[in-house]
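Student: Quick one: the structure is below, and I'll ask about it shortly.
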Amino acid sequence: MKTVVKHLYIILFLFLFTGCVAPVKQGWYNFTAYYNTFYNAKQAFDEGLELNQRQQVNINPAQPIRIHPSPTDAGRAEFEIAVEKGASILRDHSESKYVESAISLIGQSFFYRQEYFSALEKFQELRQLTTGSELQKATIWQSRTYLELELYDEGIRFTNQEIDFIEDWDPGLFAELNMALAQLNAARGDWSESSNLLHDFASQLESNRLKARAYFLHGQVHERLGNNFQALAAYRLSSSIISEYDLEFNSKRKLAQMYRETGDFEAALQLFRSLERDDKFIEYHVDLRYELAKTYQEMREGAEAITRYNRLLRDRFDSPSNLIRAKSYFGLAEIYRDQFNDFQTAAAYFDSANTQSVRLSEIYDDVDAEEIARAFGEYASLKNQIEWADSLLHLATLSESELDSVLRKLQADRIDQRDAAEQQVINTADITESPDDAVEVLEFGFLNSNDPVRKAEAQIYFRTVWGDRPLADNWRRQSAILVSIAEEETEMVSEQSENVIVVNGGNGLIQTAANAGVDLSEIPFSEEEKINMQRSKEEFKYRLGNLFFLSLNMPDSARSYFTDVINSSLNRELAPRAIYSLAELELSENNRDEMVRHANRLFDHYPESIFAERMAVRLGVDYELQSREEADRVEVRYASIKENIADTSYAEKADRLVELAESTLDEKRKSIILMEAAENYLKAAQKRSSETAVIYYSTAADILKQIQQMNEAENRVYRRSALLLDSVEELIANIQADQSEDEGGILIERFPEDRYPVDPAGELPLCDDVNAYLNLAGGTSRVVSEMNWSEEQKLELPDLISYRFAINPDGSLENFSALTRELPGDIENDLNSYLRGLSFDPIGGEHSIRCKLNFHIRN
């Protein structure tokens with residue numbers, strides 16, 4: 001027994017002191033080594049993560065927020081160390097229990113280094129080795145990696161597959177995975193599916209940080225879906241969670257914006273003002289001042305909004321960013337367009353918004369802001385060209401003394417502007433006495449030449465000064481200042497002797513125009529020049545019509561311009577294009593009947609044009625057959641007039657022939673019928689007294705002039721009408737000279753009963769309907785007011801008094817007459833005396849028009 005115990009002690013001694021302990025000691029050393037390695041890797045990763053998250057970019061509320069923020073560039077070196085340490089564990093300690101943790105750490109490090117394909121491989125590898133919650137976490141990371149790789153479809157397919165495959169999901173992890181799926185759907189534009197996922201799982205997130213961001217994204221998704229009230233609720237939930245500073249501010253700002261979008265303007269103003277007063281958000285004060293201005297704009301308080309926008313743009317101590325500048329200019333443009341109907345000022349602001357070094361398309365998702373800015377810039381250019389042409393045509397009608405008066409006023413205005421500019425230089429010098437002010441001036445260049453606000457204001461001021469008229473569509477320019485300022489004063493002086501011009505074909509000289517800075521060589525004094533300028537106006541109007549139709553989505557304005565071009569018909573090639581465009585417009589508005597009417601007009605009037613062919617293809621019709629049917633219809637009606645009206649009933653036959661001519665758009669056929677109508681009016685005039693004869697002679701002259709204007713009149717008819725026209729106009733002048741007793745030479749005549757209410761051109765239109773506007777503030781109401789009739793006199797009058805007016809192209813009166821019968825003599829004489837001094841806005845064109853005005857005696 002003692003021998004056995006002795007041997008046991010020997011064995012124990014040898015075990016403890018002769019190296020048999022080596023395997024146990026080696027295992028301890030191995031454990032210490034890979035634990036230290038993983039600890040160092042984890043420490044490096046945590047340091048990198050802290051740096052990365054500290055550098056998070058600010059939220060852009062215009063883009064869907066990431067619930068899991070995307071990695072930044074910070075911490076790359078630390079993540080690299082984590083990858084190296086983790087890799088050493090896999091390489092040297094592949095059997096340790098830290099292998100799965102090391103793979104996860106490497107995958108996350110690759111993710112934050114934005115090496116997403118390497119991260120994807122590690123997460124896929126990790127999912128093969130793990131189960132339970134670790135598998136679920138790896139799945140979330142893989143879904144997030146697909147999101148960063150922008151592989152949205154693959155990410156959605158993978159996530160849905162794992163939701164069905166993995167069992168016993170942890171509720172918090174399952175909610176987080178569904179948030180990744182919601183982000184993938186939002187990134188793909190599937191807003192409805194994203195909204196459903198956010199609605200079901202956002203509230204189940206365990207992290208308040210993720211929950212606040214999820215509610216914010218849900219608000220953005222509801223906005224995309226047009227659910228503003230639901231968006232408001234989501235932003236309210238997000239703003240109620242104390243989270244990141246940037247997210248807290250943007251949640252509250254979006255909440256205020258949703259109050260505004262849902263019409264609760266008082267709540268919006270209250271919240272915006274509360275945020276502005278909170279010193280915690282002082283860096284956002286400029287943004288909040290913009291939001292307040294925008295709210296007043298949406299409230300349609302245009303004046304207040306303009307004041308706030310301008311105050312924001314002019315603040316040099318708290319200067320707005322290019323983004324806020326662009327949005328402010330765009331807001332100003334919308335106000336002038338939508339609330340003031342001032343398209344030219346709107347164009348200036350749209351242009352300013354488009355030059356702020358930001359992409360407007362990224363700011364306004366629902367509108368093509370850059371295209372709007374371009375279109376309004378083109379609008380302003382075309383309107384200026386039309387107004388320029390109108391002004392030149394108007395100046396061509398002025399006498400030598402009137403033109404000289406315009407030049408003198410122009411010269412005085414130019415001197416005033418030069419003095420104002422000099423005063424501005426003095427004021428700028430006074431302002432920049434302090435070093436701080438000097439710095440500001442240097443920032444915007446000498447005399448603030450680089451200040452975008454002042455550039456925009458100068459542009460708007462220039463247009464305002466030179467426009468001198470209501471800046472609204474479809475108004476004619478009352479007057480224009482025709483300035484071509486010389487670049488050098490020395491050039492003006494040297495050319496002074498050369499700029500003497502002759503007015504009205506040599507009837508007199510006016511002073512040199514050089515000092516006024518006016519180039520009068522552009523004024524169309526000859527008839528050929530006037531026609532060419534009128535045709536240029538038609539081209540500009542057609543382009544405006546296309547602009548309103550195709551770019552600005554304003555069909556009513558487009559229709560007006562197309563109709564003007566068609567009715568003018570000075571440009572034979574332009575008219576069919578305008579008719580075709582008008583037919584396309586009516587089709588886009590689902591006005592099928594109107595479209596067909598314009599198509600028939602195109603077939604009848606311009607059967608040889610390419611636009612008639614295009615319309616025939618569009619409608620699938622044979623327009624040549626329609627043209628033959630139209631010709632047959634005209635022949636039948638012509639034969640009926642010949643058969644049913646006696647040869648001696650010249651006036652009646654002429655009336656019916658004019659109606660027939662107006663019903664066809666074939667110019668050759670129309671010219672022949674009109675010529676016969678004119679001849680019948682001349683025969684009728686020979687059988688009447690001189691007073692009635694003048695009316696028939698005048699009607700015949702108008703028809704002959706109309707034939708002269710027709711580009712495709714039958715040659716024989718054209719020559720005959722030219723010969724007759726001179727004789728008829730001379731005869732009319734002689735009769736009027738005998739009858740007229742007024743210095744102005746305006747003939748006051750009662751419209752003959754056998755001629756009223758039938759008019760050669762059909763029903764007499766209201767002057768407003770043919771764009772003939774009385775050049776008198778207050779219009780017809782002012783006329784009635786200034787007659788000062790007593791109440792007893794008014795009782796003798798009808799409720800409505802109508803007058804017929806013949807208006808020359810320059811707006812002067814050719815003649816006028818009362819249409820209302822049985823007016824008291826003294827009342828009619830007083831009214832005639834007043835009307836002699838009136839005129840209309842220039843109507844353009846080459847011949848006079850007939851229309852009527854109604855004077856309402858009792859409202």
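The values are calculated or read from the model by the stated rules, or taken from the named source; none is laboratory data. Small disclaimer: the values here were computed from a predicted structure and weren't measured. No Cβ is skipped: glycine too gets one built from the backbone with ideal geometry, and neighbour counts run over all protein chains shown. Note: accessible area is taken over every heavy atom of the protein model, side chains too, but ligands, DNA and RNA are not part of it. Shrake-Rupley method; radii C 1.70, N 1.55, O 1.52, S 1.80 Å.
Student: Which residue pairs have Cβ atoms closer than 9 Å, lie 6 or more positions apart in sequence or on different chains, and pair a first residue in region 522-538 that is surrounded by 15 or more Cβ atoms within 10 Å (Cβ to Cβ) with a second residue that is basic (Lys, Arg)?
Tutor: The qualifying pairs are Pro524/Lys530.
Student: Separate question: Looking only at helices (runs of 4 or more DSSP H) that fall completely inside region 342-407, which ones have 3 or more residues that are of a type in the set (Ser, Thr, Tyr) and in contact (Cβ under 8 Å) with a residue 60 or more places away in the chain?
Tutor: On the way: elements: 343-353, 360-363, 369-395.
Qualifying helices (runs of 4 or more DSSP H): 343-353.
Student: Are there any helices (runs of 4 or more DSSP H) wholly within region 257-335 with 2 or more residues that are under 22 Å from Gly226 (Cα atoms) and among the small types (Gly, Ala, Ser), and if so which?
Tutor: Working: elements: 265-277, 285-298, 302-314.
In region 257-335, the matching helices (runs of 4 or more DSSP H) lie at 265-277.
Student: Oh, and also: Somewhere in region 317-335, is a residue surrounded by fewer than 16 Cβ atoms within 10 Å (Cβ to Cβ), of a type in the set (D, E, K, R), touching a Lys or Arg at 6+ places or on another chain (Cβ under 9 Å) and touching a residue at least 12 places away in the same chain (Cβ under 8 Å)?
Tutor: yes
Student: Which condition number does Glu283 fail, the rest of (1) open to solvent by less than 60 Å² (accessible area, probe 1.4 Å); (2) modelled with pLDDT under 95; (3) over 23 Å from Ser195 (Cα atoms) being met?
Tutor: In the conditions (1) open to solvent by less than 60 Å² (accessible area, probe 1.4 Å); (2) modelled with pLDDT under 95; (3) over 23 Å from Ser195 (Cα atoms), Glu283 misses (1) alone.
Student: Write out, first by first residue and then by second, each pair whose Cβ atoms fall under 7 Å of each other, whose residues are 6+ apart or on separate chains, and whose first residue, in region 66-78, is farther than 13 Å from Leu210 by Cα while the second is among the aliphatic types (A, V, I, L, M).
Tutor: That search, which allows pairs on different chains as well, returns Thr72/Val57; Ala74/Leu51; Gly75/Leu49; Gly75/Leu51; Glu78/Ala44; Glu78/Leu51.
Student: Please state which one of Arg260, Arg277 is crowded, with 18+ Cβ neighbours inside 10 Å, among the basic types (Lys, Arg) and free of Cβ contacts under 8 Å to residues at least 40 places away in the same chain. Show your work before the answer.
Tutor: Working: Arg277 fails: crowded, with 18+ Cβ neighbours inside 10 Å.
Residue meeting the stated conditions: Arg260.
Student: Continuing with the same structure: Quickly run through region 195-251 and pick out the residues that are in a loop (DSSP other than H, G, I, E, B) and under 32 Å from the mean Cα position of the chain (by Cα).
Tutor: Initially, region 195-251 is screened for residues in a loop (DSSP other than H, G, I, E, B), giving 205-207, 226-227, 240-244.
Matches in region 195-251: Gly226, Asn227.
Student: Looking at region 597-609 only, could you name the residues that are surrounded by fewer than 22 Cβ atoms within 10 Å (Cβ to Cβ) and modelled with pLDDT of 85 or more?
Tutor: Passing the criteria: only Arg597.
Student: At least 1 residues that are touching a residue at least 60 places away in the same chain (Cβ under 8 Å) and of a type in the set (Gly, Ala, Ser) in each: list the helices (runs of 4 or more DSSP H) lying fully within region 87-154 that qualify. So that I can check it myself, show each step before the final result.
Tutor: Values: elements: 99-112, 116-129, 132-148.
Of the helices (runs of 4 or more DSSP H) lying wholly inside region 87-154, those with at least 1 residues that are touching a residue at least 60 places away in the same chain (Cβ under 8 Å) and of a type in the set (Gly, Ala, Ser) span 99-112.
Student: Kindly indicate which of Glu796, Glu792, Glu814 is open to solvent by 40 Å² or more (accessible area, probe 1.4 Å), in contact with a strand residue (DSSP E or B) (Cβ under 6 Å, 6 or more places away or on another chain) and at pLDDT below 85.
Tutor: Values: Glu796 fails: in contact with a strand residue (DSSP E or B) (Cβ under 6 Å, 6 or more places away or on another chain); Glu792 fails: in contact with a strand residue (DSSP E or B) (Cβ under 6 Å, 6 or more places away or on another chain).
Only one candidate qualifies: Glu814.
Student: Out of the residues in region 86-100 meeting the condition of being under 60 Å from the mean Cα position of the chain (by Cα) and open to solvent by less than 50 Å² (accessible area, probe 1.4 Å), tell me which one is farthest from Asn40 (Cα to Cα).
Tutor: Keep residues of region 86-100 that are under 60 Å from the mean Cα position of the chain (by Cα), which gives 86-87, 100.
Then keep just the ones that are open to solvent by less than 50 Å² (accessible area, probe 1.4 Å); that gives 86-87.
Numbers: Gly86: 9, Ala87: 12 Å.
So, considering only residues that are under 60 Å from the mean Cα position of the chain (by Cα) and open to solvent by less than 50 Å² (accessible area, probe 1.4 Å), the one farthest from Asn40 (Cα to Cα) is Ala87.
Student: A further question on this structure: Take the residues in region 612-630 that are surrounded by 14 or more Cβ atoms within 10 Å (Cβ to Cβ) and under 26 Å from Ile672 (Cα atoms), then tell me which one is modelled with the highest pLDDT.
Tutor: Per the criteria, the residue is Ala612.
Student: Quick one: what pairs do we get from region 814-835, first residue within 27 Å of Ala701 (Cβ to Cβ) and in contact (Cβ under 8 Å) with a residue 24 or more places away in the chain, second of a type in the set (Ser, Thr, Tyr) and surrounded by fewer than 18 Cβ atoms within 10 Å (Cβ to Cβ), C-beta under 8 Å, 6+ apart or different chains?
Tutor: Pairs that qualify, where the first residue is within 27 Å of Ala701 (Cβ to Cβ) and in contact (Cβ under 8 Å) with a residue 24 or more places away in the chain and the partner is of a type in the set (Ser, Thr, Tyr) and surrounded by fewer than 18 Cβ atoms within 10 Å (Cβ to Cβ), are Ala818/Ser802; Leu819/Tyr756; Leu819/Ser802.
Residues checked against (1) surrounded by 13 or more Cβ atoms within 10 Å (Cβ to Cβ); (2) at pLDDT 75 or above; (3) over 30 Å from Leu225 (Cα atoms):
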residue	(1), (2), (3)
Lys2	no, no, yes
Gln26	no, no, yes
Phe38	yes, yes, yes
Gly48	yes, yes, yes
Asn58	no, yes, no
Ile67	yes, yes, no
Ala74	yes, yes, yes
Ala102	yes, yes, yes
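Student: Which residue is nearest to Leu217 (Cα to Cα), if the candidates are limited to region 156-191 and must be of a type in the set (D, E, K, R) and outside any helix (DSSP H, G or I)? Even if it seems obvious, please write down each step before you answer.
Tutor: Taking region 156-191 first, the residues of a type in the set (D, E, K, R) are 157, 162, 164, 167-168, 170, 176, 188, 190.
Next, only the ones that are outside any helix (DSSP H, G or I) stay: 167-168, 170, 190.
On the way: Glu167: 28, Asp168: 28, Asp170: 23, Asp190: 13 Å.
Step by step, filter region 156-191, then rank; the result is Asp190.
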